[in-house]
Amino acid sequence: MANETSLLLMIVLPFFGSVLALFLPSYRNAPVWLAGLVTLAVLLIAAACYPSVTDARVLHSTVEWVPSLGLSFKLRMDGFAWLFSMLVSGIGFLVVLYARYYMAPEDPIPRFFSLFLAFMGAMLGIVLSGNLILLVIFWELTSIFSFLLIGYWHHNAAARDGARMALTITGIGGLCLLAGVVLIGHIVGSYDLDAVLASGNVIRQSPLYVPTLVLVLLGALTKSAQFPFHFWLPNAMSAPTPVSAFLHSATMVKAGVFLMARLWPVMAGTDEWFWIVGFCGMMAFVLGAYFAIFQQDIKGLLAYSTISHLGLITMLLSLGSPLAAVAAIFHMVNHGTFKASLFMTAGIIDHEAGTRDIRRLSGLFRFMPITATLAMVASAAMAGVPLLNGFLSKEMFFAEAIETHAISILDTAAPYAAVLGSAFAVAYSIRFIQGVFFGPPPVDLPHEPHEAPFLMRLPMAVLVLLCLVVGIIPGLTIGPFLHAAVVSVLGPATPTYSLAVWHGINLPLLMSVAALIGGGILYLLLKSYLAHSEEGPPIFRLLKGQRIFERAMVTISWRWARYIETHLGTRRLQPQLKLLVGIAFIAGFFSLYRRGLEFGVPSMAGTEPAFAGLWIIGALCALAAAWQAKFHRLAALILLSGAGLATCITFAWLSAPDLALTQLLVEVVTTVLILLGLRWLPKRAAESRRIAAAAGIRLRRYRDLFIALAAGGGMSVVAYAVMARTPPKGIADFFLENAYMLGGGKNVVNVILVDFRGFDTLGEITVLGIVALTVFALLRRFRPAPDSIEMPEQQRIQNTNDEALPDRNPGDTVSDYLLVPSVIMQWLFPVIIVLAAYLFIRGHDLPGGGFAAGIAMAAAFILQYLAAGTVWVEDRLRILPVKWMGAGLLFAAATGAGAWLFGYPFLTSHARYVELPLVGSIPVASAMLFDLGVFLLVVGATVLMLIAIAHQSIRRLRASRVAEAEKEAT
């Protein structure tokens with residue numbers, strides 16, 4: 001049980017630390033201590049789990065989410081996941097220590113470590129996910145947090161562009177991965193990773209295998225920056241160097257190759273896998289190494305080398321050979337160690353010398369000999385020099401490249417590509433070391449170079465030491481851990497392999513020698529050219545994927561968007577509604593045409609004349625509102641409220657008091673909000689002239705009439721068909737019978753919302769919160785021009801009063817000078833609050849609930865704004881609607897998560913009766929806490945939109961006064 005809890009802690013701790021870091025002071029030490037303790041704790045927890053994952057054992061931790069859909073928060077650690085967890089947490093801890101000295105004191109340090117910890121938690125989520133849907137969620141979280149980290153210095157245009165490109169490419173790949181995962185779930189019948197890994201033959205033999213493979217590989221290749229999606233990674237180099245070191249070595253780009261290795265047992269071994277993965281990997285391996293040679297920025301060189309090494313891993317995974325899979329897993333670890341240390345070197349050089357341009361750097365060995373020595377060892381490991389870890393996995397790569405895996409040109413070219421790419425790797429490694437640390441002393445550097453502090457070099461030294469000990473004694477160091485990882489991936493297909501340093505003089509060794517010699521010769525031939533060249537030869541510019549991406553983005557986001565906006569876009573609501581209603585009508589008509597519609601025989605028995613008259617009045621109000629909209633918007637709004645009131649009475653008449661109450665409260669609040677928004681609509685006269693000037697006005701009106709009649713008549717026909725026939729015993733009867741038994745409440749509507757449909761309600765209140773924030777943000781930016789706004793009657797009266805009362809406050813309203821209504825509205829505030837509390841408490845058994853109570857509370861605030869004005873209210877009431885919304889979401893989510901503590905799925909509710917003195921027995925259900933979250937969020941969202949509108953009213957009034965003053969002055 002302790003180990004199962006450990007898996008949860010490994011995920012929860014980074015995210016908890018991420019939230020906590022935001023509240024820390026801005027100086028460096030506090031966030032560093034927090035991040036260091038969190039990463040160290042995760043590292044120790046992961047290390048403690050090792051005995052549980054040896055001998056092909058798997059550690060599980062499951063929290064049910066939606067069991068009926070096969071969805072669960074399932075964590076799964078085997079040897080492969082353990083090895084990656086150690087890589088992520090270990091390098092993460094070293095990067096935190098390094099970042100303490102790299103980040104400047106003036107940087108927003110808490111925000112950096114908050115994003116860093118969240119990024120680490122998302123990557124651990126990918127590694128430990130035991131459910132494919134959960135894996136995709138964490139997959140997308142890595143894209144989001146990497147976007148924020150790459151664009152951390154958002155004042156830098158290059159950082160913003162690189163972050164946007166990374167999010168675009170990896171985000172699209174994530175959507176493809178989601179589609180592929182859905183197809184896997186459809187084929188296997190489960191999203192559980194254990195079930196998927198046991199269904200290799202089922203997946204490969206499925207007719208959906210090819211589209212599933214393509215979609216999954218699109219996700220993996222985009223994430224790992226493999227050809228042809230490799231170009232986003234070099235553009236992410238504007239991120240802080242600690243981010244680059246972490247992203248390139250243990251997170252983000254490693255996620256793609258991790259996923260390919262994880263699904264290797266069930267998706268590899270086919271011609272489609274071999275060709276797609278092999279071609280993309282080979283191109284990335286060779287082209288990435290070639291491009292790296294010509295980079296002038298150290299981080300650019302290392303970025304392209306990452307593409308190349310990930311291409312090497314991808315090539316190995318494409319071969320379908322168990323030995324190749326062993327080499328791929330081995331090289332993932334080796335690459336993480338030497339690449340993290342090299343990026344730290346680049347950061348130290350930039351930090352101490354002030355530049356990363358290789359053309360300006362030379363002779364730094366005499367200024368920073370320790371850093372230079374560590375960098376030389378790490379570069380030698382990257383180049384595949386013997387007695388270093390990179391040499392061992394590259395030897396295994398050469399051994400597999402010369403084997404025959406498929407009779408094809410791709411397999412024939414593999415050994416030549418392996419030698420060529422490795423020679424390029426030697427060339428750019430030599431260039432990095434020779435160009436930066438040797439040669440004449442540097443001149444005209446921004447800073448005088450010197451050694452970095454010891455603790456800043458310590459993470460580099462630890463990683464370089466790992467490169468050495470793994471390269472010299474691999475069997476005693478990495479051997480047991482690699483075996484545990486390999487067995488967890490390959491299972492019974494695990495081959496016999498050797499990690500010996502010396503295998504005698506054989507063809508792989510000769511290939512290594514050829515690569516070392518060829519790379520050295522190539523560097524000597526290009527040395528003089530590279531000292532003064534730009535970013536590579538002309539072929540580099542032709543193959544630069546960034547140009548293709550930028551052109552595609554310009555085409556999509558500018559040309560196509562402008563075309564669509566020109567032909568389909570409009571700022572008027574009516575054409576947009578016409579399009580939506582037309583599409584909805586076509587979709588509904590097509591469905592009914594294919595499936596038909598059965599009509600029953602309606603019974604008119606019991607129909608009362610009063611009820612029929614009510615519907616006639618409602619229909620007349622609706623028609624009159626549509627007619628009056630052309631002449632007087634305020635009158636149209638009043639008539640529309642009459643139709644809404646008729647709907648409320650209909651609900652009450654048909655024994656649905658809960659719906660009637662909610663409808664009535666919503667009518668009140670929305671009517672007031674719309675009334676406040678009328679002042680921003682364009683003037684009716686100007687709009688009428690514009691419409692009258694357009695050609696075909698009569699045809700347009702007939703068209704709109706036809707659409708309205710078709711849509712309204714179609715809905716009437718469907719409603720008539722549903723109500724006229726006798727429905728079979730179905731879902732309504734289930735809710736009626738089980739609302740009290742299973743949900744502990746007699747108010748069926750409320751029980752459905754907070755219990756049976758709790759997931760839907762949680763999503764709905766989340767959307768409501770997003771809408772409120774969006775409205776607030778839009779209104780903050782909206783500045784209506786005084787001469788382009790229709791002024792309602794109330795505003796004209798207000799301006800008239802302004803002339804008579806020039807000293808009135810800018811937040812005052814007409815009711816300030818109508819004493820009795822104002823006093824009454826202010827007195828109603830505590831009364832409505834009590835009413836809201838009453839509606840909330842009774843909602844589980846009687847009409848009411850969190851939504852109705854929230855609307856009632858919002859109406860209380862609206863009355864205060866109407867009675868006393870914005871300034872008066874906010875001077876006396878401390879209204880924090882965003883915090884209300886946040887508290888509401890937390891209450892709702894915490895109620896759902898609380899069920900986990902008792903071993904039940906998310907949002908499982910519990911109901912019981914509690915005896916209170918003098919009160920008696922009252923129903924108490926955990927769903928009431930969820931309903932409290934609904935109440936808080938509804939109040940916060942409504943009041944936030946009200947505040948935005950009220951503040952715009954002040955701006956509108958002031959703008960009107962300024963315009964009038966300017967006219968008088970003129």
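Descriptive notes on the structure:
- Residue count for the range 149-166, restricted to those that are within 30 Å of T212 (Cα to Cα) and crowded, with 21+ Cβ neighbours inside 10 Å: 4
- Search result, residues across the range 27-53 that are of a type outside the set (V, I, T), buried (at least 19 other Cβ atoms within 10 Å of the Cβ) and outside any helix (DSSP H, G or I): R28, C49
- Residue count for the range 317-376, restricted to those that are crowded, with 24+ Cβ neighbours inside 10 Å and among the aromatic types (F, W, Y): 3.
- Filtering M260, M237 for residues that are touching a Gly at 6+ places or on another chain (Cβ under 7 Å), touching a residue at least 24 places away in the same chain (Cβ under 8 Å), crowded, with 22+ Cβ neighbours inside 10 Å and not assigned by TED's automatic domain parsing to the domain that holds V326 leaves a single hit, M237.
- Residue check, S244 polar (S, T, N, Q), crowded, with 22+ Cβ neighbours inside 10 Å and modelled with pLDDT of 90 or more: yes
- Filtering S129, S190 for residues that are polar (S, T, N, Q), over 21 Å from V95 (Cβ atoms), in contact with a Gly (Cβ under 6 Å, 6 or more places away or on another chain) and touching a residue at least 12 places away in the same chain (Cβ under 8 Å) leaves a single hit, S190.
- Of the residues in the range 400-409, at least one is crowded, with 21+ Cβ neighbours inside 10 Å, modelled with pLDDT of 90 or more and touching a helix residue (DSSP H, G or I) at 6+ places or on another chain (Cβ under 7 Å).
- The helices (runs of 4 or more DSSP H) found wholly in the range 119-220 and carrying at least 1 residues that are aromatic (F, W, Y) occupy 132-150.
- Failed item, numbered, when A104 is tested on (1) under 29 Å from V181 (Cβ atoms); (2) without any contact (Cβ under 8 Å) to a residue 40 or more places away in the chain: (1)
- Only helices (runs of 4 or more DSSP H) whose full extent lies in the range 843-907 are considered here, and the ones with at least 3 residues that are at pLDDT 80 or above are 850-868, 881-898.
Yes or no, residue by residue, for (1) over 26 Å from the mean Cα position of the chain (by Cα); (2) at pLDDT below 90; (3) over 24 Å from T345 (Cα atoms); (4) not assigned by TED's automatic domain parsing to the domain that holds A327:
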| residue | (1), (2), (3), (4) |
| --- | --- |
| W33 | yes, no, no, yes |
| V63 | no, yes, yes, yes |
| S72 | no, yes, yes, yes |
| F84 | no, no, no, yes |
| G90 | no, no, no, yes |
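- When we screen F481, F398, F432 for residues that are over 37 Å from the mean Cα position of the chain (by Cα) and of a type outside the set (K, R), the only hit is F398.
- Residue list for the range 436-458, filter: surrounded by fewer than 24 Cβ atoms within 10 Å (Cβ to Cβ) and within 30 Å of H309 (Cα to Cα): F438, G439, E451, A452, F454, L455, M456, R457, L458
- L24 aliphatic (A, V, I, L, M), in a loop (DSSP other than H, G, I, E, B) and surrounded by fewer than 23 Cβ atoms within 10 Å (Cβ to Cβ): yes
- When R431 is tested against (1) part of a helix (DSSP H, G or I); (2) surrounded by fewer than 21 Cβ atoms within 10 Å (Cβ to Cβ); (3) basic (K, R), just one condition goes unmet, and that condition is (2).
- Being farther than 30 Å from G185 by Cβ, under 21 Å from the mean Cα position of the chain (by Cα), buried (at least 24 other Cβ atoms within 10 Å of the Cβ) and at pLDDT 95 or above is a condition met by at least one residue of the range 117-133.
- Filter result for T373 (in contact with an Asp or Glu (Cβ under 9 Å, 6 or more places away or on another chain) and either free of Cβ contacts under 8 Å to residues at least 40 places away in the same chain or outside the structural domain of V501 (by TED's automatic domain parsing) (or both)): no
- Search result, residues across the range 268-309 that are charged (D, E, K, R) and buried (at least 21 other Cβ atoms within 10 Å of the Cβ): K299
- Residue in the range 98-109 that is in a helix (DSSP H, G or I) and farther than 21 Å from L455 by Cα present: no
- Among residues of the range 397-409 that are under 15 Å from W273 (Cα atoms), those with a Cβ under 7 angstrom from a residue that is not in a helix (DSSP H, G or I), sequence gap 6+ or separate chain, pair up as H405/L319; H405/G320; H405/S321.
- Some residue of the range 557-568 being modelled with pLDDT under 75, closer than 30 Å to L634 by Cα and surrounded by fewer than 13 Cβ atoms within 10 Å (Cβ to Cβ): yes
The values are calculated or read from the model by the stated rules, or taken from the named source; none is laboratory data. Just so you know, these numbers come straight off a predicted model, no measurement behind them. Don't worry about glycine lacking a Cβ; one is built from the backbone with ideal geometry, like all the others, and counts go over all protein chains shown.
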